[in-house]
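Everything on this sheet refers to the single structure shown next.
Values in this text are rule-based calculations from the coordinates and carry no lab data. Keep in mind that what you see is a predicted model, and the values were worked out from it rather than measured. Here the Cβ positions follow ideal geometry from the backbone for every residue, glycine too, while neighbour counts run over all protein chains shown.
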There are 2 protein chains.
Amino acid sequence: MTVKEKIMDNTVNFFLKEGCRKVTMDEIAAYNGMSKRTLYENFTDKNDLIRQCVLYSNELEKSSYLSNIASQEDMMDILLRGHERNFSIDLSSMISFMDEVRKYFPDIYRQTIREVKEAHCTMMAELLTKGQTEGYFIKNLDARIIAPILSEIMKIAAHSELTQGREMSQSETYKMLVLIYFRGLTTEKGRKIIDEFMKNNN
Amino acid sequence: MTVKEKIMDNTVNFFLKEGCRKVTMDEIAAYNGMSKRTLYENFTDKNDLIRQCVLYSNELEKSSYLSNIASQEDMMDILLRGHERNFSIDLSSMISFMDEVRKYFPDIYRQTIREVKEAHCTMMAELLTKGQTEGYFIKNLDARIIAPILSEIMKIAAHSELTQGREMSQSETYKMLVLIYFRGLTTEKGRKIIDEFMKNNN
DNA sequence: AAATTTAAAAACTATTTTGGTTTTTTAAGT
DNA sequence: ACTTAAAAAACCAAAATAGTTTTTAAATTT
């Protein structure tokens with residue numbers, strides 16, 4: 001891991017905790033245990049830093065995805081394991097980070113986040129197709145429509161007012177939202193596995 | 001239909017088209033073909049007008065729902081017919097109207113829209129339960145969780161950036177989002193009907 | 001141990017952002 | 001049409017912050 005990567009790895013976490021708008025370069029330098037000078041030797045300015053952090057976290061996600069695919073695992077395993085991970089981590093901080101970028105760094109948003117989203121949709125589409133060829137999902141689905149819907153659905157559980165003021169947990173909501181949607185995509189074969197999973201996880 | 005109801009009926013449409021924030025009382029009076037004086041004889045102020053318009057449109061929806069229920073129709077018919085209507089009307093204007101109320105008339109939002117939403121969720125929950133007792137939906141579902149999720153899901157199709165910049169229609173998106181989610185809720189019996197419907201509507 | 005390199009700390013400036021004030025415009029209500 | 005209240009815009013001063021430069025300290029090399 002290069003110095004630059006270390007900085008990005010560190011700073012992404014900082015951004016997720018504190019947001020990127022109100023965080024100052026002094027604070028970032030302090031958080032990384034270095035002087036501003038060193039920071040500026042690695043990144044031309046704050047925009048550059050944020051942009052590269054976004055790209056970096058996308059790379060991490062992508063490589064995790066690739067290793068999942070490469071492992072040639074069963075589609076349903078990938079799905080349910082990913083699902084378990086998704087509602088254990090704090091998706092909402094990532095989402096509000098993204099929202100802040102859109103609002104206060106529109107250039108970065110246009111250039112970077114859009115393509116990150118595209119990448120995400122591409123992954124989803126590939127997974128979907130894999131599931132179809134393995135016989136878990138019904139055939140008459142257009143991946144170009146379903147994939148962005150999936151991205152959107154995942155966002156709601158974390159983001160919306162669904163959980164606020166009600167007596168349901170985020171993981172409960174996530175399950176009923178995402179798992180039920182996936183159940184809607186399944187064939188008999190896939191449904192069995194999801195129903196089994198739900199039986200063991202309620 | 002009383003004068004007051006006529007005004008509300010008219011003004012709701014106006015609000016849906018133009019929003020309620022920037023529309024002036026002068027414009028509303030003109031739109032209704034009356035003087036401001038007549039308007040103010042029926043509503044104490046703009047807040048009152050907006051509040052009553054919200055309640056009125058909710059009443060309309062509710063009575064349509066009640067007549068559906070009263071007709072003792074098959075659950076799946078209600079669902080699929082309602083679904084067809086939903087993606088033919090312009091849900092998005094209703095949603096942005098609601099958003100404007102939340103933003104600029106928070107008092108009305110707290111007092112009125114919240115209970116409208118509650119009413120909507122109650123209807124959804126009732127429909128869900130009906131569907132369960134009729135054997136279309138799986139049993140192990142908590143209506144208090146599913147109902148608000150359904151409301152939320154319907155919003156996405158109309159509202160989000162899903163349809164923007166992509167080559168898919170809103171109705172296509174709505175179908176793949178809402179119908180697939182419902183499909184996820186179904187038993188064998190309900191699934192047959194949805195699959196039949198999808199076969200005839202693609 | 002002196003010299004050299006490296007990076008942190010601190011100091012500094014030039015922009016940006018923010019908070020508060022006044023003026024102007026808009027729109028409610030009579 | 002008129003009055004009044006409230007919202008928006010324009011404006012300014014003060015604070016905060018990005019980015020640069022200088023100084024200090026510590027590690028490394030010779």
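Note that the stretch A:129-141 has calculated 3J(HN,Hα) couplings of 4, 4, x, 5, 5, 7, x, 8, 10, 5, 7, 7, 10 Hz, one per residue in order, obtained from phi through the Karplus relation 6.51 cos²θ - 1.76 cosθ + 1.60 (θ = phi - 60°); glycine and proline are x. Closest approach of a chain B Cβ to the axis relating B and A (residue, whole Å): B:G184, 2. Net charge of the neighbourhood of B:K17, taken over other residues with C-beta under 12 Å away and scored Lys/Arg +1, Asp/Glu -1, is -2. Counting only Cβ charges, +1 for Lys and Arg and -1 for Asp and Glu, the dipole size of chain A around its Cα centre is about 240 debye. Estimated from helices alone, the mean residue ellipticity of the protein assembly as shown at 222 nm is -22500 deg cm²/dmol (sum of -39500 (n - 2.57) over DSSP H runs with n ≥ 4, per residue). Normalising the Debye intensity of chain B to I(0), with uniform scatterers on Cα atoms only, and taking log10 at q = 0.11, 0.14, 0.18, 0.19 Å⁻¹ returns -0.60, -0.90, -1.27, -1.35. For the stretch A:33-142, GluC sites (Glu not before Pro) are listed when DSSP marks them as loop and at most 16 other Cβ atoms sit within 10 Å of their Cβ; the list is A:E73, A:E134.
Only lysines eight or more places from A:K189 in sequence, or on another chain, were considered; those with a Cα closer than 26 Å are A:K130, A:K139, A:K175, A:K199, B:K139, B:K175, B:K189, B:K192, B:K199. Ranked from shortest, the separations from the 7 Å Cα-to-Cβ label point of A:E188 to its equivalents in the other copies are 0.9 nm.
Here is how far apart the B:D48 label points are across copies: 6.3 nm, shortest first, using a point 7 Å from Cα toward Cβ. Basic side chains Lys and Arg get +1 at the Cβ, acidic Asp and Glu get -1 at the Cβ, and with that the dipole of the protein assembly as shown about its Cα centre reaches some 180 debye. Taken over the stretch A:104-202, the percentage of Cα pairs per 10 Å bin, counting from 0 up to the bin with the maximum distance, is 14, 36, 33, 14, 2. Over the protein assembly as shown, the Kirkwood radius and the radius of gyration, each from Cα atoms, give a ratio Rg/Rh of 1.02. If you model the stretch A:1-73 as an ellipsoid using its alpha carbon gyration tensor, with each semi-axis the square root of five times an eigenvalue, the axes come out at 27, 13, 10 Å, biggest first. With label points set 7 Å from Cα along Cα→Cβ, the inter-copy distances at B:G33 are 7.8 nm, sorted shortest first. When the P(r) of the stretch B:28-126 is calculated, the portion above 16 Å amounts to 66% of the C-alpha pairs. Partner shielding of A:145-156 amounts to 5, given as the average count of beta-carbon atoms from other chains within 10 Å of each residue beta-carbon.
For the stretch B:59-137 and the stretch A:3-76, write down the distance between their C-alpha centroids in whole Å. Here the answer is 43 Å between Cα centres. Could you state the angle between the C-alpha long axis of helix A:188-200 and the longest principal axis of the C-alpha atoms of chain A, as a value from 0 to 90 degrees rounded to the nearest 10? Long axis of A:188-200 versus the principal axis of chain A: about 70 degrees.
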